[in-house]
1. Could you give the alpha-carbon Rg of segment 92-177 over 2.2 N^0.38 Å, rounded to two decimals?
2. May I ask for the net charge around residue 70, where only other residues with Cβ less than 12 Å from the Cβ of residue 70 are counted and Lys, Arg are +1 while Asp, Glu are -1?
3. How much length would be gained if the chain were fully extended between residue 65 and residue 12, taking 0.36 nm per residue of separation minus their Cα-Cα distance, in nm to one decimal?
4. Given springs between every Cα pair under 10 Å in a Gaussian network model of the chain, which of 71, 88, 151 has the largest fluctuation?
5. With each run of n ≥ 4 DSSP H residues scored as -39500 (n - 2.57), what mean residue ellipticity at 222 nm is computed for the chain after dividing by its residue count and rounding to the nearest 500 deg cm²/dmol?
6. Tell me the net charge near residue 138. Cut-off is 15 Å between Cβ atoms, residue 138 excluded, with +1 for each Lys or Arg and -1 for each Asp or Glu.
7. May I ask you to derive the relative contact order of the chain, considering only C-alpha pairs under 8 Å and at least 6 residues apart, and to give it as an integer percent?
8. In square nanometres and to one decimal, what's the mean projected area of the convex hull around the Cα atoms of segment 66-109?
Amino acid sequence: MNQQEMKCQDHSFRKSAEEGNVAAKYLHALQCNDPEERRRWLKEAAEAGYIPAMCDYALSCDDADERKHWLREAAYEGHIPAIYSYALECSAPDQRRRWLKQAADAGNVEAMYTYAQECEDPVEAAYWLRKTAWEGHVQAMYDYAMHCDDLHERRWWLIRAANQGSEVAIEALDSLE
């Protein structure tokens, strides 16, 4: 076994990857311990049009323009993690919210939370915060509790957040006593 082969944990996809199988390039990249080797295989798969590789390669890019390019490519193909990551790259608030909303609508919990934080409509923001809390997002549980006027509901959400280890929820519960 040569040194390059030793950089990757499992070689089950290597032969297929070297033969040009795009999915195998991606799967082989995921098995690589060496970051440069991993990036090389991800880039090959991304350039061949493999959408999950576009997203993963983008997230490994130090160059902001290259990262944004690959995230945009994967986002336009409907890849939900890329849509969320691309939204975070957008500097224009309207564009950022549009992409966040798309990822939130698709069920990405982090996008739901971020969209709730950036939503201009307080009713819609509360809707997304509550939805995120129901998905188990601890910070959303706390934030939503703090929006609740009903003390019973506030306590209920604070208890849920506290049970998940939220220190601020524990402190808030103590102050309700």
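1. 1.12
2. Values: positive: 39, 43, 67, 68, 72; negative: 47, 56, 63, 65, 66, 73, 77, 89.
Taking every Cβ under 12 Å from that of residue 70, the sum is -3.
3. Stretched fully, the residue 65-residue 12 segment lengthens by 15.7 nm.
4. Looking only at 71, 88, 151, the biggest GNM fluctuation is shown by 151.
5. Result for the chain: -22500 deg cm²/dmol, rounded to the nearest 500.
6. Numbers: positive: 130, 131, 160; negative: 110, 135, 143, 167, 171.
Spelling it out: positives minus negatives among the neighbours equals -2.
7. Across the chain, relative contact order equals 8 percent.
8. Details: hull surface 10.5 nm².
Averaged projected area of segment 66-109's Cα convex hull equals 2.6 nm².
Throughout, read-outs are computed from the coordinates displayed, never taken from laboratory work. Predicted model, so just to flag it, every value in this text is computed and none were measured. With ideal geometry, Cβ positions are generated from the backbone for all residues, glycine too; neighbour counts draw on all protein chains shown.
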